[in-house]
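Peer 1: Once you've had a glance at the structure underneath, I'll fire off some questions.
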Amino acid sequence: MKNFHEYGKFLSRNIRPIYPPLIKGNGVRVIDISGKVYLDFSSQTLNLNLGHRHQRIINAVKKQLERIYYTSSRFLDEPTLLLAKKLIEISPSKLTKVNLKMTGGSEANECAIKMLRKYHNKKIIVTTYYSFFGETFETMKCSGKYFDKSFIGNKCNYVYIYPPYCFRCPYNEDLSTCSLSCVESFRRVLYFRSDIAGIIIEPINVNSGVIIPPKEYLVEIRKICDENGIGLVFDEVQTAFGWIGKIFASDYFGVTPDILTLGKGLSGGFPLGAVLFKEKYDVLEYGEHEFTYGAHPISCAASLEVINILTESGFLNNVEKKGKYLKDRLLELKEEFDVIADVRAIGLLVGVEIADRDGSPNHAQARKIYETCLKEGLILRLSHDFNGNTLIIKPPLIVSKNEIDEAIYILRKVLMANRV
Ligand code: PLP
């Protein structure tokens, strides 16, 4: 393929490629049609937790392809049933049921919204500004990110509270004396309204710049939900399956939601979504939430192997060690370059916030760093909301120390060249 733009023009504008298409991937590296090699510290769509072309996933998929590659939900198949049991075994305690008949995170969140509304017989759901739950109609309505998009219609079934963005606290609180005003605002909503079915939050908001809440935040949110008899949903589409050194952020924070939604790393590169939940939320009937290509046996076979790898002894400890190494290198860069205002990291999930010397967020500079890194062969991601000034670093968990050094070398070179 000589000129990819010639072909790209047939694609709708929202999926037209900006960069040359990729022709091969291997571990943490990818190659584009011009032969250029990149270090992929974005895991593509922040989803490839075991990188590109992991041999064990290829083997698992091939084995299933040779048996049967599609089944309807009236029959299902071995990988789907084995995966259901496995997910419940590794899930936070009290989550005893799973729906797997989905192809990704948006459909998983749709499922959670339906269950909340049906069980509580109430429509209103609370979430945070700048949250992101997907791109189906209902998940866009729910997402704080799309608050100003007119084509999605009214969002009157959602109430938004400020997120726990401690670095630029919307309540001007100081971390050392923080009284969790963001939690208090949730309590107040419930004080004034009795039509709330539940709250849906991302334990860590990755898309808006790896916003990590203080540990007590989710504990308090859980307490408020219990006191008011409303449901708590965690969207773990970004946070589950290894990056933070645990399978689930719920385990990291020691808080079990009532409903937990999954996608991305669940199946390491194959379409799959899942919802884990407490027994009482098992309220949807046949025909209310199963998609034709959901629980695809190939994706379920891949997912089983992903979980086998992640739960092998020492694997996640190693993620934590590599994460600490990456964080320390980034903190060194922060010392060296004023433009780095904050480094937020848990395991191999990191946000690097870019700002001016006076602390003002600098989106243009962040974009320039991101674009120049790409030219230099390092793929990162850029946050959208909260000023879009955070570089998101989320490499595959199989990344080596040498590859981290290589990425830091490129980032440092780019920061030197962009020094203001
Ligand atoms: N939830 C979160 C936190 C996400 O980041 C995403 C996708 O980026 C989704 C839900 C939607 O997942 P999908 O694109 O698989 O529908």
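The values are calculated or read from the model by the stated rules, or taken from the named source; none is laboratory data. Please read these numbers as outputs of a predicted model, since none were measured by experiment. Cβ coordinates were reconstructed from backbone atoms using ideal geometry, including for glycine residues, and neighbour counts include every protein chain displayed. Note: areas computed on protein heavy atoms with side chains; ligands, DNA, RNA excluded. Shrake-Rupley method; radii C 1.70, N 1.55, O 1.52, S 1.80 Å.
Peer 1: Whole number in Å², please: accessible area per residue of the stretch 59-310, 1.4 Å probe, ligands, DNA and RNA not counted.
Peer 2: 42 Å²
Peer 1: What's the magnitude of the charge dipole for the stretch 59-310 around its Cα centre, counting Lys and Arg as +1 and Asp and Glu as -1 at the beta-carbon? Answer in Debye, nearest 20. Provide the component values of the computation, followed by the final result.
Peer 2: On the way: 29 positive and 28 negative charges, 46 e Å.
So the magnitude is around 220 debye.
Peer 1: Quick check on the stretch 41-115: take the gyration tensor over C-alpha atoms, sort the square-rooted eigenvalues as a ≥ b ≥ c, and tell me if it's rounded (a/c under 1.5), prolate or oblate.
Peer 2: On the way: a/c = 1.62, a/b = 1.15, b/c = 1.41.
Oblate is the answer for the stretch 41-115, as a/c is 1.5 or above yet b/c matches or exceeds a/b.
Peer 1: Binned at 10 Å from 0, what are the whole-percent values of the Cα-Cα distance distribution for the stretch 3-87, short to long?
Peer 2: 14, 29, 30, 23, 4
Peer 1: Taking +1 at the Cβ of each Lys and Arg and -1 at the Cβ of each Asp and Glu, which of Ile230, Pro203, Ser179 sits farthest along the dipole of the stretch 59-310 towards its positive end, judged by Cα position relative to the Cα centre?
Peer 2: Ile230
Peer 1: Computed over the Cα atoms of the chain, what is the ratio Rg over Rh, Rh following Kirkwood?
Peer 2: When Rh is taken as the Kirkwood radius, the ratio is 0.96.
Peer 1: Please check: in the Gaussian network model of the chain (C-alpha springs, under 10 Å), which one of Asn121, Asn49, Asn362 has the largest mean-square fluctuation.
Peer 2: In the Gaussian network model the winner is Asn121.
Peer 1: Largest first and to the nearest Å, give the Cα extent of the stretch 59-310 along each principal axis.
Peer 2: Ordered largest first, the stretch 59-310 gives principal extents of 58, 36, 34 Å.
Peer 1: Please list, ordered by chain and number, the residues whose modelled amide H lies under 5 Å from the amide H of Asn205; skip anything fewer than 5 residues away on the same chain.
Peer 2: Amide H to amide H, under 5 Å and 5 or more residues apart or across chains, Asn205 pairs with Ile211.
Peer 1: Give me the lysines in straight-line cross-link reach of Lys324: C-alpha distance below 17 Å, same-chain residues under 8 apart excluded.
Peer 2: Within reach: Lys246, Lys334, Lys394, Lys401.
Peer 1: Go ahead and estimate [θ] at 222 nm for the chain from helices alone: -39,500 (n - 2.57) per DSSP H run with n ≥ 4, summed, over the residue count, rounded to 500. Can you show the working numbers first?
Peer 2: Numbers: 13 runs with 152 residues, N = 420.
Taking each H run of at least 4 residues, the total per residue is -11000 deg cm²/dmol.
Peer 1: Roughly speaking, to the nearest percent, how much of the chain's 1.4 Å accessible area is carbon and sulfur? Spell out each step's value before the answer.
Peer 2: On the way: 9860 of 19120 Å².
With neighbouring chains kept in place, the figure for the chain is 52 percent.
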